Amino acid sequence: MINAKEILKNKFWIVTDNGENVGTIAYDNDHYIVNKSGNFKVCKNKSSITNQLGKMTWSDLSIKETTQYHVHEFPTNCEPFNSMFDIKKKLPLFTKSEKSKSVYCAGYYIIKFNKGWVKSFCPKLITIERYHHKGPFKTDFEMRSQLSKENARSTN
C-alpha cells in the first residue's frame, strides 16, 4: 500500500510503499512535484498524483501535544517529584520518582567541562556541584545566548 506521510503542513510528504521510502511529494504554489525513484512528475492536484502512483493514502502531519512540567517556573523533561528550591545555590530541584535519591536541576544550564562550555537541560545536581556553570535559564534561547557569550570570551 502506498502512503504519503506529511512532513511539512501542506508542503512536503514522504512516499512509502509497504513501509519502505520510495519518493517524495512537494507542493510549490499551484502544483505538486512528485519524485518517485528519481523520476520527477508535475501534477496539478492530489487526484492526479493518485492516477500516477496508484491507490494511496494521505497521512496528515500529527503534532503531538506535550505536557509541560515546571519546578518553580523552570521547565523539566519529565514529571517532577519532591520539588524544592535551594535558596543558597538558587536552584530549582526535583527527583524523577517519589523514592529516587538522584536530584536534578530544573531549567537550562551551560556547564564548563575541560573542553569548554556545553549546554544542558535538567542536569543532575551533582554535575552542577562539580563543575562551573551558569543558569538556570527558563528558555533554550536564554541559555544559547549565554553560551555564545561564554564561547566568545574564551576565544578572545
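Please treat every number below as a calculation from the coordinates, not as lab data. Just so it is clear, the structure is predicted and the values come from calculations on it, not from any experiment. For neighbour counting, all protein chains shown are included, and Cβ atoms are generated from backbone atoms with ideal geometry for every residue, glycine included.
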Just how large is the dipole of the chain about the Cα centre, in debye to the nearest 20, putting +1 at every Lys and Arg Cβ and -1 at every Asp and Glu Cβ?
600
Quick note, segment 69-155: a/c under 1.5 would make it rounded; otherwise a/b > b/c is prolate and the rest oblate (a ≥ b ≥ c, C-alpha gyration tensor); here it is prolate
Likely footprinting exposure, Cys105, Cys78, Cys122, fewest C-beta neighbours within 10 Å first
Cys78, Cys122, Cys105
Please compute the length gained on full extension between Lys55 and Phe12, using 0.36 nm multiplied by the number of residues separating them and subtracting their Cα-Cα distance.
13.6 nm
Tell me which label goes with the value of volume of the Cα convex hull per residue in Å³ computed from the coordinates here: (i) 128; (ii) 115; (iii) 207.
(iii)
Can you tell me which aspartates and glutamates have their Cα less than 18 Å from the Cα of Lys88? Leave out same-chain residues fewer than eight positions away.
Glu73, Glu129
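With only Lys, Arg, Asp and Glu charged, each at its Cβ (+1 for the first two, -1 for the last two), find how big the charge dipole of segment 2-59 is about the Cα centre; round to the nearest 20 debye.
That gives a dipole near 120 debye.
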CD proxy at 222 nm, helix term only [per DSSP H run n ≥ 4: -39500 (n - 2.57); per residue of the chain; nearest 500]
-5500 deg cm²/dmol
Rank the residues Leu61, Leu91, Leu147 as a footprinting-exposure proxy: fewest other Cβ atoms within 10 Å of their Cβ go first.
Leu61, Leu147, Leu91
